[in-house]
Amino acid sequence: MSPIPVGTYIRERIRTVADWPRRGVQFRDITPLLQDRKVFRVLVDSLVDRYREADLDYVAGVDARGFILGAAVACQLNLGFIPVRKKGKLPCATLTEDYALEYGSAAMEIHSDACRSGDRVLLIDDLVATGGTLLAASKLLRRTGAEVVEAAAIIDLPALGGSERARREGIPFYAVCEFDGC
């Protein structure tokens, strides 16, 4: 009997909450992945194995769930961690990037000295839907002169187009698993 693929193993442990936060949305809840130490270890190890030889300087994690996975991966790879925060959450000089949401707009920030020209960064978030947050985070990192080597997420919702938008913008993209539909 061959072992179950990591993507399948992780996907089967993600909880789907119907009609949250509004009717028609299938919310993909990663809390069960974090609560189960074995599952969390498999998830982190799968990303560490993928990026072990990637010649990276930093891992950047997107506020807030990207912090959890990004910090764990950075620690295992012996790299620094860059928090990409919602606007107004960082105390020093920042760079800001506005982006559109389905229902309005938002902004992300990083410290202006988060990284330098030529730094190689892995960008991590929990889920990619339309790609707005991921693209804003990538633009912030690129504005420092850093190279976004790849963007990674636990979950891709390809029907919403975010991962394809990232690739069109020249950002290689990887997801541990994906879900059809929304």
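Some observations on this one:
- Residue count for the range 131-182 under the criterion of being part of a strand (DSSP E or B) and either in contact with a His (Cβ under 9 Å, 6 or more places away or on another chain) or aliphatic (A, V, I, L, M) (or both): the result is 9.
- Residue 97 being touching a helix residue (DSSP H, G or I) at 6+ places or on another chain (Cβ under 7 Å) and either charged (D, E, K, R) or over 30 Å from residue 32 (Cα atoms) (or both): yes
- Within the range 38-55, being surrounded by 14 or more Cβ atoms within 10 Å (Cβ to Cβ), under 16 Å from residue 174 (Cα atoms) and not hydroxyl-bearing (Ser, Thr, Tyr) holds for 43, 44, 45, 47, 48, 50.
- Pairs where the first residue, in the range 42-66, is over 13 Å from residue 154 (Cβ atoms) and the second is polar (S, T, N, Q) and surrounded by fewer than 17 Cβ atoms within 10 Å (Cβ to Cβ), C-beta under 6 Å, 6+ apart: 48/76
- Test: residue in the range 134-141 that is within 25 Å of residue 46 (Cα to Cα), in contact with a Cys (Cβ under 9 Å, 6 or more places away or on another chain) and crowded, with 23+ Cβ neighbours inside 10 Å: yes
- Condition check for residue 117: of a type in the set (Gly, Ala, Ser), in a loop (DSSP other than H, G, I, E, B), free of Cβ contacts under 8 Å to residues at least 60 places away in the same chain and over 28 Å from residue 12 (Cα atoms): yes
- For the range 35-57, a residue qualifies if it is part of a helix (DSSP H, G or I) and either within 14 Å of residue 125 (Cα to Cα) or acidic (Asp, Glu) (or both), and the qualifying residues are 43, 44, 45, 47, 49.
- Subset tally (residues that are without any contact (Cβ under 8 Å) to a residue 60 or more places away in the chain and of a type in the set (D, E, K, R)) for the range 123-144: 3
- Some residue of the range 46-63 being small (Gly, Ala, Ser), modelled with pLDDT under 95 and farther than 24 Å from residue 180 by Cα: no
Here is a yes/no grid of residues against (1) in contact with a Gly (Cβ under 8 Å, 6 or more places away or on another chain); (2) at pLDDT below 95:
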{"site": "68", "(1), (2)": "yes, no"}
{"site": "79", "(1), (2)": "no, no"}
{"site": "85", "(1), (2)": "no, no"}
{"site": "105", "(1), (2)": "no, yes"}
{"site": "109", "(1), (2)": "yes, no"}
{"site": "129", "(1), (2)": "yes, yes"}
{"site": "142", "(1), (2)": "no, no"}
{"site": "147", "(1), (2)": "yes, no"}
{"site": "154", "(1), (2)": "no, no"}
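- Identity of the residue in the range 76-106, hydrophobic (A, V, I, L, M, F, W, C) and surrounded by 14 or more Cβ atoms within 10 Å (Cβ to Cβ), that ends up nearest to residue 140 (Cα to Cα): 95
- Residue check, residue 23 closer than 25 Å to residue 8 by Cβ and out of contact with any Ser or Thr (no Cβ under 6 Å at 6 or more places or on another chain): no
- Residue within the range 63-76 that is more than 18 Å from residue 127 (Cα to Cα) and not in a helix (DSSP H, G or I) present: no
The values are calculated or read from the model by the stated rules, or taken from the named source; none is laboratory data. The model shown is predicted, which means the values in this text are computed figures rather than measured ones. Glycine also receives a Cβ, built like all others from the backbone with ideal geometry; neighbour counts cover every protein chain displayed.
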